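Below you'll find the structure, written out as structure tokens, and then a few comments.
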2 protein chains.
Amino acid sequence: MMTPTAETTHIDLNAMGKRAKAASVAIARATTNQKNALLLALADSLETHTPAILEANRVDLDEGRANGLGEALLDRLDLLKRLAGIIADVRYVATLPDPVGKSFDERTLPNGLRVSRRRIPLGVLGVIYEARPNVTVEVASLALKTGNAVILRGGKETLRTNVALVTAIQEALAAHHIPADAVQLIASTDRAYVAQMLKLDQYIDVIIPRGGASLHQLCKENSTIPVITGGVGICHFFVDVSAKQEASLNIIHNAKTSRPSVCNTLDTLLIHRDIAAEFLPKVVQHLRPAGVTFKADESALQIVGAADDITPAAADDFDTEWMALVLGLKVVDSMDEAIDHIRAHSLDHSDGILTEDTANAERFLNEVMSSAVFWNASTRFNDGGALGLGAEVAVSTQKLHARGPMGLEELTTYKWVVIGDGQIRG
Amino acid sequence: MMTPTAETTHIDLNAMGKRAKAASVAIARATTNQKNALLLALADSLETHTPAILEANRVDLDEGRANGLGEALLDRLDLLKRLAGIIADVRYVATLPDPVGKSFDERTLPNGLRVSRRRIPLGVLGVIYEARPNVTVEVASLALKTGNAVILRGGKETLRTNVALVTAIQEALAAHHIPADAVQLIASTDRAYVAQMLKLDQYIDVIIPRGGASLHQLCKENSTIPVITGGVGICHFFVDVSAKQEASLNIIHNAKTSRPSVCNTLDTLLIHRDIAAEFLPKVVQHLRPAGVTFKADESALQIVGAADDITPAAADDFDTEWMALVLGLKVVDSMDEAIDHIRAHSLDHSDGILTEDTANAERFLNEVMSSAVFWNASTRFNDGGALGLGAEVAVSTQKLHARGPMGLEELTTYKWVVIGDGQIRG
């Protein structure tokens, strides 16, 4: 068992991986009841440790302030108002159905073999994230619920907080006779450990990065372990001729302004030319009061006119994830042009159509290959909680394993179970 | 459109990738009927081109013989007796159900959103294989059936044959108004192209290696594209005290001798100590006539005695995939010791138990995490055809995406489809 400390000078990642693998065998064996009891104990332990956690968090925040971190980042670090909610979420995870052990595709073959696939844990997760200490608890609870061990590597700005959180988690594990190594933290700010972690393919079964595009790129380029990439989106709506305009404005407003800094937020609006002159001025009028500024292509600019908050779109503006109250505007001649634009500029996260034309909607939903496609609903729904998964560990935009929000089932894999009474292969 | 030729001196892989991506859009749009008609035309085209294909194959074989290739490899290259069967398999793929477009996990959320997941093609497959020209046709037909484009890189010994096969395939594509670039071959023996291919993450969605451990390792270490690893196995049976001995001998014989050079063949037999003295001599007696030789641990050696064909197991013998008529023998004190041995030495391919004890069987099937686990049936059944998938593109032993035999469904992914009537996120 390792109790991580911020003072650790050398960490043997190979040994951590080996211990995680061993612990994964123990947690994989736990029954659903055992895992749920463990999660409740984990929540209790976080409550007991709350003073120590908040004290560590205060020191992290003080240091962050001294180092000149911005207010938005400091707010993300701050657990004071969030810890109770985080603990409540752990108790909620205990109430969710356990995917492990479920059988599917059961069949009996003509030779009498009984064949099925059975859900099993992935094994050891490697999760690399930035300065959100809530992720530490969230990921640990989802990993344990699905019978996985996890090695965590959080942002450097929150190291003391993460050490305090993992100490509380490991205490709960040990009290439930599960090796504390089922949840381990790389308790160092040294980036060399990230590079080492990405090569631990002998022990880690999947790398899940949670952060910006550069973190995902780093993992993709350096990992010998399968990586789930995602979490980055350039999101589009195509407004078709037949769109209900009031409802569409409402959806566009929500998709752009309800949480501008997240990956399922609208970046570009494509408007059919036949309604552009009527609809575009309404878009500007509707979103301007929320502080949205616009990057307009030539046709759009001719309609709405340049202004302080309406400027010509530059060459790479349609390839930019804004993460801010900025919206690209582009007039298209047809749905095909819209689909081509999306194919060229989307990052396969969330794209939608606003239309009353069922045939167009069906064709759009078929031909756009993003992780989630929307018809007359906000792209902001591309989220595990919002789509009914109960929880979410990440949003994938890659093709392999899982796409879109990853819930509990996406933290499992399966094995084939073949039962016979002496069958041999001819 | 590119017609590959063996004389190509420089290949622009980036351009190939770009064309494959464009072609993938066209093949993804094709209906099931269109794809099935295409497959039948592809089979016809292979028939029409048979003289040219067999002539190219003869030249490859002559060169292989001149270069001193072994008989086993030459046999694998030879299409003369196989081409008709390969063509028949293409027609069979046309009869299989198409997974693309299927909806699953359909639900209506409390806010009225209709949510489902819909199966879509993976996009562009990159398949790297060795000297089996049948793979060229097999993979192309499975890729097209599932709406995927594919870039093929076959073994150098079979380049001319592959060029002839892909020429026939591309002719059928063009006749069906599908871009011929949906099936492309890297028509060069230069290994530098493999390295380039593994970095084409902008265009290729998944790399599927089909070959030995070193090819899989190369892909895992160098690819920035997700890789499906597998195809290598160290397979075990644990013979429990209660095993039916005659039936077990029959299964062991089948698992070891029916096709010694493939990955689901038995490598190590673990025998419970309580029946070892009785059962081990029967194993030797039963398998010796088939030419099997034995690597025995100390306890096993004491029972059966050393002989020309029974030698002491060396240190790494239990970590060897034999690919030959060799069987490791080891006596264990308990099922737990057997499971621990499998956990330490298996490559997660195919492992089984021979027992009449249901509780032991269930525990073994639960605790061994291999891609397929067997109870009283031969490990040789770990195969897409044998497990009822209709076809197989590879056997995966990794945790992500697919495990065990990969059929048509495993060549697809999904997207979330969200249909509303104005819903926004609160």
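The values are calculated or read from the model by the stated rules, or taken from the named source; none is laboratory data. Every value quoted in this text rests on a predicted model; they were computed, and no experiment measured them. Methodologically, a virtual Cβ is constructed for each residue, glycine included, from the backbone with ideal geometry; neighbour enumeration extends over all protein chains shown.
Between A:A391, A:A402, A:A359, the distinction of being small (G, A, S), surrounded by fewer than 22 Cβ atoms within 10 Å (Cβ to Cβ) and closer than 19 Å to A:G147 by Cα belongs to A:A391 only. Of the listed requirements (1) within 14 Å of B:W322 (Cβ to Cβ); (2) crowded, with 18+ Cβ neighbours inside 10 Å; (3) among the small types (G, A, S), B:S261 misses just one: (2). No other residue among A:G420, A:G426 is within 10 Å of chain B (Cβ to nearest Cβ), not aliphatic (A, V, I, L, M) and not in a loop (DSSP other than H, G, I, E, B) apart from A:G420.
Residues that are at pLDDT below 95, of a type in the set (S, T, N, Q) and out of contact with any strand residue (DSSP E or B) (no Cβ under 8 Å at 6 or more places or on another chain) do occur in the stretch B:254-273, at least one of them. Scanning the stretch A:254-268 for residues that are within 14 Å of another protein chain (Cβ to nearest Cβ) and of a type in the set (V, I, T) yields A:T257, A:V262, A:T265.
If you check A:A28, A:A131, A:A72 for being assigned to a loop (DSSP other than H, G, I, E, B), in the same structural domain as A:T412 (by TED's automatic domain parsing), among the small types (G, A, S) and within 30 Å of A:V194 (Cα to Cα), only one passes: A:A131.
Taken over the stretch A:231-253, the criterion of being at pLDDT 95 or above, part of a loop (DSSP other than H, G, I, E, B) and more than 10 Å from chain B (Cβ to nearest Cβ) is satisfied by A:I234, A:D240, A:V241, A:S242, A:A243.
The lone criterion from (1) more than 10 Å from every other protein chain (Cβ to nearest Cβ); (2) free of Cβ contacts under 8 Å to residues at least 40 places away in the same chain; (3) touching a helix residue (DSSP H, G or I) at 6+ places or on another chain (Cβ under 6 Å) left unmet by B:V331 is number (2).
Of all the criteria given as (1) closer than 26 Å to A:W375 by Cα; (2) more than 7 Å from chain A (Cβ to nearest Cβ); (3) of a type in the set (S, T, Y); (4) surrounded by 23 or more Cβ atoms within 10 Å (Cβ to Cβ), the one not satisfied by B:T413 is (2).
Just one of the numbered conditions (1) among the small types (G, A, S); (2) at the interface with chain B (Cβ under 7 Å from one of its Cβ atoms); (3) in contact (Cβ under 8 Å) with a residue 24 or more places away in the chain; (4) in contact with a Leu (Cβ under 6 Å, 6 or more places away or on another chain) is not true of A:A372: (4). Within the stretch B:25-36, the set of residues being away from chain A (no Cβ under 14 Å) and under 26 Å from the mean Cα position of the chain (by Cα) comprises B:K35, B:N36. The single condition among (1) closer than 14 Å to A:G231 by Cα; (2) touching a Gly at 6+ places or on another chain (Cβ under 6 Å); (3) modelled with pLDDT under 95 that A:D383 does not meet is (2).
Name, by its number, the condition in (1) of a type outside the set (G, A, S); (2) at negative phi; (3) not in a helix (DSSP H, G or I) that does not hold for A:F364. So A:F364 meets the others, but not (3). Scanning the stretch A:97-111 for residues that are out of contact with any Ser or Thr (no Cβ under 7 Å at 6 or more places or on another chain) and of a type in the set (G, A, S) returns a single hit, A:G101. Being touching a Leu at 6+ places or on another chain (Cβ under 6 Å) and farther than 19 Å from B:L61 by Cβ is the filter here, so list the residues in the stretch B:146-168 that pass it. Correct list: B:T146, B:N148, B:V150, B:L152.
Apart from one condition, B:R210 fits all of (1) surrounded by 18 or more Cβ atoms within 10 Å (Cβ to Cβ); (2) within 21 Å of B:K21 (Cβ to Cβ); the exception is (2). Checking B:S346, B:S396, B:S371 one by one, the residue that is of a type in the set (S, T, Y), closer than 25 Å to A:T224 by Cβ, touching a Cys at 6+ places or on another chain (Cβ under 9 Å) and crowded, with 20+ Cβ neighbours inside 10 Å is B:S346 and no other.
Within the stretch B:207-219, if we keep just the residues that are in a helix (DSSP H, G or I) and under 21 Å from B:S350 (Cα atoms), the residue that is nearest to the other protein chains (Cβ to nearest Cβ) turns out to be B:Q217.
Looking at B:S396, B:S378, can you tell me which residue is at the interface with another protein chain (Cβ under 7 Å from one of its Cβ atoms) and within 22 Å of the chain's Cα centre (by Cα)? After applying the criteria, what remains is B:S378.
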